[in-house]
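Just so it is clear, none of the values below were taken in a lab; they were calculated from the coordinates. The shown structure was predicted, so the numbers you read here are calculated from the model rather than taken from an experiment. Cβ sites come from the backbone with ideal geometry, for glycine too, and all protein chains shown count toward neighbours.
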Amino acid sequence: MLKIGITGGIGTGKTTVCHIFETLGIPVFYADDESKKMLEEDEEIAHSIKNVFGEDIYHEKKLDKKALAAIVFNNPEKLAALNSITHPAVFRKFESWATQQKNVPYIIKEAALIFEAGADAFLDAVIVVASPEWLRIERVSQRDHSNESAIRSRMKNQWPEEKKIKRARFIIHNDEEQLIIPQVLSIHRELLNQ
Ligand code: ATP
């Protein structure tokens, strides 16, 4: 069973593409969602987060996500500290989830920071979802009601698209000119023939 990564910058359409793979019966692990969940549900992680960001970052057991985002997206050291807590935990969760997937030709790990985190070394291939920057900003501001500067500060912490494309085995162009379903089907067929 192959382990395939799906990555791409904010708003490129990773989740949208993963939903298509799911309709083909391919299990998908949403690493960024898992990471958010663990920040509230895993006591050891919450404890480490409080050590770095202070007790007030949680109200009762609820993480103040806006406050955390405001700190990390403008402070590379704090972002690295956050990632050093969440990335190993999410990595372990993915590996354990992977062992439970049976009778499927491949599984997918969806994460925004696969290459940045060096996680590609533990995957058989990586698919990059690519979209023009203006379209990504338009999509995310519509989806999250966030402003352009907040989106750009997240983008600053991600590799530029060209750098990811150079390391990708497959690219899906989600520019709303090329259809994405045929691109997914073509990759699916190739992976089934491995
Ligand atoms: P993030 O990095 O923020 O998690 P993402 O890469 O997973 O984002 P999506 O959530 O899949 O991106 O897409 C961003 C938004 O753009 C969503 O509201 C989605 O419905 C929309 N979108 C993505 N691709 C298309 C498309 N081809 N046509 C129309 N809308 C799209």
Taking only C-alpha pairs under 8 Å that are 6+ residues apart, what is the relative contact order of the chain in percent?
38
With viscosity set to 1.002 mPa s at 20 °C, what whole-number translational diffusion coefficient in µm²/s follows for region 41-80 from Stokes-Einstein and a Kirkwood radius over Cα pairs?
206
Residue of I71, I85, I127 that the Gaussian network model of the chain assigns the largest fluctuation, springs spanning Cα pairs under 10 Å:
I71
Mean residue ellipticity (222 nm) of the chain, computed from DSSP H runs ≥ 4 via -39,500 (n - 2.57), nearest 500:
-16500 deg cm²/dmol
Please list, by residue number, every one of the trypsin sites (Lys or Arg not before Pro) in region 139-194 that is coil in DSSP and has at most 14 other beta-carbon atoms within 10 Å.
K156
Does region 1-142 come out rounded, prolate or oblate, given a ≥ b ≥ c as the square roots of the eigenvalues of its C-alpha gyration tensor, rounded meaning a/c under 1.5 and, failing that, prolate meaning a/b above b/c?
oblate
Cα atoms only: what Rg and Dmax, in Å, come out for region 82-172?
15.1, 45
Out of A119, A70, A130, any idea which swings most in a Gaussian network model of the chain, alpha carbons joined below 10 Å?
A70
